[in-house]
Each structure stands twice: as C-alpha cells, then as structure tokens.
Amino acid sequence: MSTQRVNRAEGDVDLLVRKRFFADVTQGTAVDVGAAQPDFLSISASFREAGWKVIAIEPNPEFCRLHRERGHEVLQYACGDHDEDDVEFCLVDSHGTAYEQGKVSFESFSSLAIKDEYAKLKDNLDITRIRVRLRRLDTILREDAPDLTRIDLLSIDVEGWELEVLQGLDFARYRPRAMVIENLFNSPGYRSYMRHKGYGLWKYLPPNDVYVPLEDLRPGERVLAALRAMFLQGMYRLGKLRSRPGASR
C-alpha cells in the first residue's frame, strides 16, 4: 500500500462513510464525478488507496493530466442530464487560495456555467472558457464500464450542477450504496429528489450531504434521517427569510 500522504475530503466524510458502510469492503467501486485533483480534497483517494476501483470523471484537462501522471484512469467528460458535444465549460482559476491546509486552483466555481448563488460568493472571477464533451452519467458507465452492475460509492462535486448529474443516472440499474453529494447552499431540493429515489440523508457534513438507501439504514437512523432533513429545511427557509431586504436581524 502506498505511504504517500493523502489530503482527505472535507470533514473526513470519506473516512466516516467507509467506517459505517464499507468497513469490510476491500474491492468496491467508487464513481467520482468532478474528481478534480488526485488527492487534495478528494473523496475517492482513500478508497483508491484501500484497493478500490475508482472511476474518475473530470472535464478539466489539467486535472486529468495530474491523474494520468499517477497512472489513474480518468474519463474526460462533464456530466449532466443529456449527451452533447462541444459544450462550453467555465474554468475558474482561484490562484492558489489557501483552504483546508492546501491551495485551491480550479476546484472552486469551475462548472458548465456559474450559477447565480455561486457568482454571488466572489466578484471578478478569473474565467477561461473551454469546450468539453457532456454526457449523462449512465451513458459514461454504459460505454466505459459496461460490466458495472452496481455502484458502491458515488461522489458528485460539480459546483451546483449536482441535480443535473443525478438526473442523468439510471438508479434502477446502478442503485449506489452510498452517495456523497456536495450541497453547498443546504438546498432542500436535493433532499426531496433523493427521498423520491428512496434514499435517506444519513449525515450532513458541510458542504456535503451523505445519502444511503432507506432499506440499508437502521431503524433509528431512518428516524434521524427524516428529522435531520426537516430541521435543515427549516434552517434553509429561515436563512432565506433573513436574507430578504428589510428583514429584521
């Protein structure tokens, strides 16, 4: 096993998910959409170290180069709810901004387009526009991983386009055992969508939601998942009310 230091995911979400759901799994499959760098802030890096197969999907050619230099297979696509070639993609250079004991390059903001909530976070973004191939996730898996019948871990970090990626996945076929989905703005829409798909919110570890099929949760965890989702929805609504012009603080 490699002794190289891995800079793990925010909130150690990778380690917590492994401990609870995959403690005895040594040959699982992780699908990492928006894989970014091979180690810094990576959810899949510790799973790769443990011997898992990692299907890394990333449209940024610089990040793809870093993966290939380490001998990792990486599929150079953007993910969404349909298939299309020659689609515009925004690369946002953060110029080494310090974060989580490391430095951010293109991890933040880079996406198919900068959604409004993200644009409000920072002025004067340094944007370079490139052309990429856009594919549904199930299209990518069908063509590049035809033998895959179920995903063990699915992680998605695509700067506000997470729901579009989920809409491009055939849940009936792949039924992920656990999902780590970035939900930077604590949107209840993500939880409603996942509840419709039969998943419960196991934990919210900012900026990520962790979802698991309801049937795989213990009875107490199912109750907590429902209560957690309701509490976070209330907090989201309260935040919206407070942000309105003229609202009392």
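The values are calculated or read from the model by the stated rules, or taken from the named source; none is laboratory data. In this text, all values refer to a predicted model and were calculated from it rather than measured experimentally. Positions of Cβ are generated from backbone atoms using ideal geometry, with glycine treated the same way; all protein chains shown enter the neighbour counts.
Before moving on, here are some points about what is shown:
- Within region 1-22, restricting attention to residues that are modelled with pLDDT under 95 and part of a loop (DSSP other than H, G, I, E, B), the residue that is nearest to residue 143 (Cα to Cα) is 9.
- Residues of region 74-111 that turn out to be modelled with pLDDT of 95 or more and in contact with a His (Cβ under 9 Å, 6 or more places away or on another chain), as a count: 1
- Of all residues making up region 99-131, the number that are part of a loop (DSSP other than H, G, I, E, B), among the acidic types (Asp, Glu) and free of Cβ contacts under 8 Å to residues at least 24 places away in the same chain: 1
- Residue pairs whose Cβ atoms lie under 7 Å apart, separated by 6 or more positions or on different chains, with the first residue in region 72-93 and part of a loop (DSSP other than H, G, I, E, B) and the second among the hydroxyl-bearing types (Ser, Thr, Tyr) and surrounded by 15 or more Cβ atoms within 10 Å (Cβ to Cβ), are 83/139; 93/105.
- The lone criterion from (1) buried (at least 19 other Cβ atoms within 10 Å of the Cβ); (2) over 25 Å from residue 142 (Cα atoms); (3) among the small types (Gly, Ala, Ser) left unmet by residue 78 is number (2).
- The requirement of being within 29 Å of residue 150 (Cβ to Cβ), in contact with a strand residue (DSSP E or B) (Cβ under 8 Å, 6 or more places away or on another chain), in a strand (DSSP E or B) and among the aliphatic types (A, V, I, L, M) is satisfied by residue 134.
- Some residue of region 189-201 being under 26 Å from residue 93 (Cα atoms) and surrounded by fewer than 19 Cβ atoms within 10 Å (Cβ to Cβ): no
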